1. In debye to the nearest 20, how big a dipole does region 45-179 give about its Cα centre with +1 on each Lys and Arg Cβ and -1 on each Asp and Glu Cβ?
2. How do the peptides 138-145, 108-115, 67-74 rank, highest first, by the average count of neighbouring beta carbon atoms within 10 Å per residue?
3. Take LEU172 and PHE49, extend 7 Å from each Cα along the Cα→Cβ direction, and tell me the distance between the two endpoints in nm.
4. Can you give the FRET efficiency for GLU137 and ASN31, using 1/(1 + (r/R0)^6), R0 = 45 Å, r = Cβ-Cβ distance, to the nearest 0.05?
5. Report the one residue of CYS100, SER163, HIS121 whose Cα lies farthest in the direction of the positive end of the charge dipole of region 73-179 (charges on C-beta: Lys and Arg +1, Asp and Glu -1; origin at the Cα centre).
6. For ALA61, list long-range residues whose amide hydrogen, built 1.01 Å from N in the peptide plane, is under 5 Å from its own amide hydrogen.
7. Could you calculate the FRET efficiency of GLU126 with ASN84 from 1/(1 + (r/R0)^6), where r is the beta carbon distance between them and R0 is 45 Å, rounded to 0.05?
8. Would any residue of region 126-142 have its amide N under 17 Å from a label point 7 Å out along Cα→Cβ of THR67? List them or say none.
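The values are calculated or read from the model by the stated rules, or taken from the named source; none is laboratory data. Just so it is clear, the structure is predicted and the values come from calculations on it, not from any experiment. Positions of Cβ are backbone-derived with ideal geometry, glycine not excepted, and every protein chain shown enters the neighbour counts. Accessible surface areas use protein heavy atoms only, side chains included; no ligands, DNA or RNA. Shrake-Rupley method; radii C 1.70, N 1.55, O 1.52, S 1.80 Å.
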Amino acid sequence: DPAASELYRLPWESMRTPDAESAHVIAAGDNTPFSRFIAGRWHPGGAVFKRPLRVAVAIAAPTDPHTYGLNDIDLAEEHQLLENAFSGLDVELTYIQQPCTLAAIETAVRAGCHILLFVGHGLFDESSGSFLLLADEENQCELVGAERVADMLARQLSDTDMSAEDKLRLVLLASCQTA
């Protein structure tokens, strides 16, 4: 709701129930599915009938996440997990090469994909908002704010030269604190 912008800053993904003894992450519960969407003048796409379903996979694994107190991301392990998860499905995975920059992600989305899957670190700061931990051209950490990511996605969603069948339908962020 654009009129409730104060809710955008809440870290919903890490909110817990108030009971200290049995506290659990609300967004991870079976009865409380959680998603966010970018409010705007775009219309979500319909069903994807074209096959294979195309997934652009962005695994951000910069060489210095310890700068932010975070662990390295094991690219080989992440690739294997995704290959196993999608095995036997009519899905084409396209891995964005390292360094995983915002420009590289935009290029992959522009090439046509139905789903953008991001695997990496995210950070939330009360005063600054949410960030994805991507890479710069030297594969060093670059904090990319939510507005920059949203602007990139908005450009792709408004691209009138791209076939509706090839447009992005879903963005999945497999990372913490990426509201």
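1. 640
2. 108-115, 138-145, 67-74
3. Distance between label points: 2.4 nm.
4. It comes out at approximately 0.55.
5. Highest projection toward the positive end goes to SER163.
6. CYS100
7. That pair, GLU126 with ASN84, gives E of 0.75.
8. 131-142
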